[in-house]
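Asker: I have a structure here, written as structure tokens, and I will follow up with some questions on it.
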Amino acid sequence: MPGRATHEVFNQVPPLAGHDVSADAALLDGLAREGADWATGELHRLGILAGTEKAQEWGRLANEHPPVLRTHDRYGNRIDEVEFHPAWHELMTVAVGHGLHAAPWASARPGAHVARAAKFYVWSQVEFGHHCPISMTYAAVAALRHTPALAAEWEPLLASRVYDFGLRPLSRKRGVLAGMAMTEKQGGSDVRANTTIAEPLGDGTYAITGHKWFNSAPMCDAFLVLAQAPGGLSCFLLPRVLPDGTRNAMRLMRLKDKLGNRSNASAEVEYDRAIAHLVGEEGRGVRTIIEMVNMTRLDCVIGSAAQARQGVVQAVHHATHRRAFGRPLIEQPLMRNVLADLVLESEAATTLMLRLAGAADRGIRGDSSEGAFRRTALAAAKYWVCKRAPMHAAEAMECLGGNGYVEESGLPRLFRESPVNGIWEGSGNVAALDVLRAMAREPEAVDAFLAEIAEARGADPRLDDAADRLRKSMPSATESEARRLAEEMTLVLQGSLLVRHAPAAVADAFCASRLSGDWGRAFGTLPSGVDLDAIIERGRC
């Protein structure tokens with residue numbers, strides 16, 4: 001008969017909405033430990049917004065309707081505009097308004113960069129793509145300070161909490177965003193192979209001619225660009241719009257069709273004598289722009305930690321409400337082992353990213369030992385935490401079974417997004433080799449790293465043994481062993497942080513499964529005897 005019901009819908013998991021995304025014990029504990037508990041109130045306000053259906057819908061729409069390139073107007077004039085769905089602008093307005101971009105650089109308050117990292121972590125769980133321009137705007141300030149006059153002109157607007165989208169001269173903007181263009185067709189990470197040329201014009205500016213194979217966030221107001229000047233490879237600030245209101249000669253050729261990060265625009269660009277300003281000194285472009293790269297690498301770690309947390313929360317929520325074989329999934333022994341293992345990975349990543357954010361904050365404020373620690377620890381963490389993200393996302397998806405493989409669950413988008421942080425700002429080999437480079441050039445960075453892990457000496461014999469093995473292997477590590485070294489360094493560092501700061505159940509399971517050798521290679525292979533209940537509870541929001 002018409003309208004007859006064929007079946008009853010039951011045993012379906014309710015939507016995960018109406019919660020506080022910042023209700024994350026590892027996050028809140030680390031925020032206080034790293035000197036930024038003064039930001040707890042704002043973090044919770046952002047977390048509550050992040051947990052709403054409205055914010056989640058913004059994230060969905062921004063990915064369902066990716067950016068579109070408009071090269072010309074109706075009359076045939078070149079405009080090189082990128083058009084976004086309104087949901088993108090909603091996401092950006094929140095991110096800028098909460099200071100997830102360059103706002104901490106304008107604050108003298110200790111812990112400002114830690115507070116920003118925590119908020120970046122929380123809001124990332126709504127949508128990851130729009131954090132690309134947010135991250136680069138944050139990082140650009142570190143490079144611009146090599147040229148104080150440029151920093152004085154641009155930094156106030158980079159740090160402004162007003163999202164003011166659109167291409168206009170600096171004098172007519174209430175806030176600006178910055179992007180980056182380093183790699184070319186023939187070079188990739190080997191930026192010294194770049195062929196783009198910078199010609200001095202005699203008035204302090206340069207004419208840039210050439211191309212970039214990847215221009216991140218081409219809708220931004222200005223870009224840090226590498227080009228070959230008479231003195232060698234140099235860093236430049238290239239604005240989209242010149243002071244007189246004319247468009248700079250930066251042509252957007254096409255937008256990249258990417259695996260993930262689809263809400264964000266990435267472009268191939270060409271420069272035809274585009275006007276730019278030297279940042280730092282001629283011939284020291286890599287050293288100048290590496291200040292920006294180091295800050296965006298921190299955001300890679302934060303972003304991957306956020307992805308792990310999002311996957312854990314989704315998996316635990318699903319297992320709590322879904323029944324199979326006569327009881328809730330979360331009571332099934334093997335599923336409990338998987339969930340606990342995913343929580344361990346997430347908590348270790350979150351705790352480490354906050355420690356790195358604290359080191360960055362204190363290093364920026366003049367603490368040389370913290371700066372030295374960050375140089376080795378960040379490169380190793382960039383390698384390992386970002387490398388683990390795709391495997392973690394895949395396992396979280398599998399916890400939802402076939403439902404997780406369907407786009408409506410949000411897990412496919414998380415999975416597609418998960419590799420980007422491992423590739424962006426130096427893929428795995430580049431990050432691992434940077435660990436060796438930092439060790440060779442800066443012995444004090446090695447000393448600072450070893451001093452950090454020594455803080456946990458005597459707390460757990462498994463950690464002590466792993467730390468002793470690491471100390472012996474570090475001096476003799478070769479290029480072919482760089483990945484293994486970066487992995488070991490990160491695991492020992494994570495273990496030392498968890499032993500000191502996490503609940504005993506978390507620290508014990510991490511040491512047993514990551515440091516002692518008593519573990520399998522897949523998630524869900526924790527050894528017997530660990531406290532699964534206590535660990536899983538840390539994965540609830």
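Asker: Taking the stated definitions as given, is THR288 over 15 Å from ARG540 (Cα atoms) and either more than 16 Å from the chain's Cα centre (by Cα) or surrounded by fewer than 20 Cβ atoms within 10 Å (Cβ to Cβ) (or both)?
Answerer: Taking the combined requirement at face value, the residue satisfies it.
Asker: List pairs: first residue in the range 291-316 and in the same structural domain as PRO390 (by TED's automatic domain parsing), second residue acidic (Asp, Glu) and surrounded by fewer than 24 Cβ atoms within 10 Å (Cβ to Cβ) anywhere in the structure, Cβ distance under 7 angstrom, at least six positions apart or on different chains.
Answerer: Listed by first residue and then by second, the contacts come to nothing, as the list is empty.
Asker: Of the numbered conditions (1) over 19 Å from VAL68 (Cβ atoms); (2) among the aliphatic types (A, V, I, L, M); (3) surrounded by fewer than 23 Cβ atoms within 10 Å (Cβ to Cβ), LEU252 satisfies every one except a single condition; which is it?
Answerer: (1)
Asker: Does the range 74-111 hold any residues that are over 18 Å from MET292 (Cβ atoms), in a helix (DSSP H, G or I) and out of contact with any Lys or Arg (no Cβ under 7 Å at 6 or more places or on another chain), and which are they?
Answerer: Taking the range 74-111 as the starting set, the residues that turn out to be over 18 Å from MET292 (Cβ atoms) are 74-99, 107-111.
Imposing the further condition that a residue be in a helix (DSSP H, G or I) reduces the set to 86-97.
Selection gives PRO86, ALA87, TRP88, HIS89, GLU90, LEU91, MET92, THR93, VAL94, ALA95.
Asker: Among VAL176, VAL162, which is the only one that is part of a loop (DSSP other than H, G, I, E, B), touching a residue at least 12 places away in the same chain (Cβ under 8 Å), among the aliphatic types (A, V, I, L, M) and surrounded by fewer than 19 Cβ atoms within 10 Å (Cβ to Cβ)?
Answerer: VAL162
Asker: Right, next: Quick check on this structure: which one of LEU334, LEU329 is in the same structural domain as ASN421 (by TED's automatic domain parsing) and either surrounded by fewer than 16 Cβ atoms within 10 Å (Cβ to Cβ) or of a type in the set (D, E, K, R) (or both)?
Answerer: So the residue among LEU334, LEU329 that is in the same structural domain as ASN421 (by TED's automatic domain parsing) and either surrounded by fewer than 16 Cβ atoms within 10 Å (Cβ to Cβ) or of a type in the set (D, E, K, R) (or both) is LEU334.
Asker: Considering each of VAL420, VAL430 in turn, give the residue that is β-branched (Val, Ile, Thr) and out of contact with any Ser or Thr (no Cβ under 6 Å at 6 or more places or on another chain). Before the answer, list the steps.
Answerer: Values: VAL430 fails: out of contact with any Ser or Thr (no Cβ under 6 Å at 6 or more places or on another chain).
Only one candidate qualifies: VAL420.
Asker: Under 6 Å by Cβ, and 6 or more places apart or on different chains, what pairs join a residue from the range 1-26 that is farther than 22 Å from VAL122 by Cβ with one that is part of a loop (DSSP other than H, G, I, E, B)?
Answerer: VAL13/ARG322
Asker: Here are some conditions: (1) modelled with pLDDT of 95 or more; (2) over 30 Å from ARG168 (Cβ atoms). ALA276 meets all but one. Which one does it not meet?
Answerer: All conditions pass for ALA276, except number (2).
Asker: Look through the range 187-214, keep the residues that are among the polar types (S, T, N, Q) and more than 26 Å from SER135 (Cβ to Cβ), and return whichever of them is surrounded by the fewest Cβ atoms within 10 Å (Cβ to Cβ). Step through it out loud before you land on a result.
Answerer: If we filter the range 187-214 for residues that are among the polar types (S, T, N, Q), which is where we start, we get 189, 194-196, 205, 209.
Still in the running and more than 26 Å from SER135 (Cβ to Cβ): 195, 205, 209.
On the way: THR195: 13, THR205: 16, THR209: 17.
Looking at residues that are among the polar types (S, T, N, Q) and more than 26 Å from SER135 (Cβ to Cβ), I get THR195.
Asker: For residues in the range 172-183 being of a type outside the set (A, V, I, L, M) and modelled with pLDDT of 95 or more, which is nearest to ALA106 (Cα to Cα)?
Answerer: Among those that are of a type outside the set (A, V, I, L, M) and modelled with pLDDT of 95 or more, it is GLY175.
This table checks each residue for (1) surrounded by fewer than 20 Cβ atoms within 10 Å (Cβ to Cβ); (2) not β-branched (Val, Ile, Thr).
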position: TRP58; (1), (2): no, yes
position: ARG70; (1), (2): yes, yes
position: PHE84; (1), (2): no, yes
position: GLU127; (1), (2): no, yes
position: VAL141; (1), (2): no, no
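Asker: Scan the range 137-158 residue by residue and report those that are farther than 20 Å from ASN294 by Cα, free of Cβ contacts under 8 Å to residues at least 40 places away in the same chain and not aliphatic (A, V, I, L, M).
Answerer: Correct list: GLU153 only.
Asker: Could you please tell me which pairs satisfy a Cβ distance under 9 Å, a separation of 6+ or placement on different chains, a first residue in the range 496-511 that is more than 11 Å from THR351 (Cα to Cα) and touching a residue at least 40 places away in the same chain (Cβ under 8 Å), and a second residue that is polar (S, T, N, Q) and part of a helix (DSSP H, G or I)?
Answerer: If the second residue must be polar (S, T, N, Q) and part of a helix (DSSP H, G or I), the pairs left are PHE510/GLN494.
Asker: Further question: What tally of residues in the range 455-480 results from selecting those that are modelled with pLDDT under 95 and in contact with a Ser or Thr (Cβ under 8 Å, 6 or more places away or on another chain)?
Answerer: So the count comes out to 0.
Asker: If PHE120 meets every condition in (1) in a loop (DSSP other than H, G, I, E, B); (2) of a type outside the set (Ser, Thr, Tyr); (3) at negative phi apart from one, which number is that one?
Answerer: Condition not satisfied by PHE120: (1).
Asker: Regarding the range 168-176, can at least one residue be identified that is assigned by TED's automatic domain parsing to the domain that holds GLY59 and under 21 Å from ARG374 (Cα atoms)? Give the steps one after another, and end with the answer.
Answerer: Narrowing the range 168-176 to residues assigned by TED's automatic domain parsing to the domain that holds GLY59: 168-176.
So of that shortlist, the ones also under 21 Å from ARG374 (Cα atoms) come out as none.
No: the range 168-176 contains no residue that is assigned by TED's automatic domain parsing to the domain that holds GLY59 and under 21 Å from ARG374 (Cα atoms).
Asker: Within the range 154-171, is there a residue that is out of contact with any Asp or Glu (no Cβ under 7 Å at 6 or more places or on another chain), under 24 Å from ARG70 (Cβ atoms) and of a type in the set (Phe, Trp, Tyr)?
Answerer: yes
The values are calculated or read from the model by the stated rules, or taken from the named source; none is laboratory data. These numbers were taken from a predicted model, which means no experiment stands behind them. Counting neighbours? That spans all protein chains shown, and the Cβs are built from the backbone with ideal geometry, glycine included.
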